[in-house]
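Q: Here you go, one structure.
The values are calculated or read from the model by the stated rules, or taken from the named source; none is laboratory data. None of these values were measured; they are calculated from a predicted model. Counting neighbours? That spans all protein chains shown, and the Cβs are built from the backbone with ideal geometry, glycine included. Keep in mind that these areas ignore ligands, DNA and RNA; they rest on the heavy atoms of the full protein, side chains included. Shrake-Rupley method; radii C 1.70, N 1.55, O 1.52, S 1.80 Å.
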Amino acid sequence: AVASQAKDDPHRAEMATDGNSLTYWCPPEGVEQAELEFDLGSEQAFDRILLAEYIRKGQRVESFHIEYRDGQDWRPLCEGSVIGYKKICRFDEVRARHVRLIISESRWYPTISRFEVYRSGPTRTL
């Protein structure tokens, strides 16, 4: 994970993907727009992204969008306003190695404690 900015060592970009709900990434105080870019290690198929703010600091994100890299181009996946405790973004399956979260508006500075990528798999009708 790479961030456009990070507050200090305990709040590095990889804190958003460490699986610990008590850690989080954040930019320096006063920064209200920021980006996090994630390298999945290899091209993966996915159709869900779970986001969570570090809610102990309050709900701060007011506008965001997520993109994936297709060759050299970034393509949109989803967008939203509030993340809060947990936000699950659903979209048609894509294949990509790189994904980025762009926070375009927040109160004070955003805090992201979870960024998780999933493939939901086929659904069954009974």
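Q: Can you tell me how many residues within region 57-79 are outside any strand (DSSP E or B) and either farther than 19 Å from D8 by Cβ or at pLDDT below 95 (or both)?
A: Final tally of qualifying residues: 5.
Q: Another one. If I ask for residues that are in contact with a strand residue (DSSP E or B) (Cβ under 8 Å, 6 or more places away or on another chain) and either acidic (D, E) or open to solvent by 70 Å² or more (accessible area, probe 1.4 Å) (or both), which ones from region 25-54 would you list?
A: E32, Q33, E35, E37, D39, E43, Q44, D47, E53
For every residue, the table says whether it meets (1) of a type outside the set (D, E); (2) on the phi > 0 side of the Ramachandran plot.
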{"residue": "T23", "(1), (2)": "yes, no"}
{"residue": "C26", "(1), (2)": "yes, no"}
{"residue": "D39", "(1), (2)": "no, no"}
{"residue": "G58", "(1), (2)": "yes, yes"}
{"residue": "D70", "(1), (2)": "no, no"}
{"residue": "P76", "(1), (2)": "yes, no"}
{"residue": "H98", "(1), (2)": "yes, no"}
{"residue": "S106", "(1), (2)": "yes, no"}
{"residue": "P122", "(1), (2)": "yes, no"}
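Q: Would you confirm whether any residue within region 10-24 is surrounded by 15 or more Cβ atoms within 10 Å (Cβ to Cβ), touching a helix residue (DSSP H, G or I) at 6+ places or on another chain (Cβ under 8 Å) and in a loop (DSSP other than H, G, I, E, B)?
A: There is at least one residue in region 10-24 that is surrounded by 15 or more Cβ atoms within 10 Å (Cβ to Cβ), touching a helix residue (DSSP H, G or I) at 6+ places or on another chain (Cβ under 8 Å) and in a loop (DSSP other than H, G, I, E, B).
Q: For a quick check of your reading of the model, give me the residue pairs whose first member lies in region 36-52 and is at pLDDT 95 or above, whose second is acidic (D, E), with beta-carbon atoms closer than 6 Å and at least 6 apart or on different chains.
A: What qualifies is A45/E93; D47/E93; L50/E116.
Q: May I ask you to list the residues in region 28-45 that are of a type outside the set (A, V, I, L, M) and within 14 Å of the chain's Cα centre (by Cα)?
A: Q33, E35, E37, F38, D39
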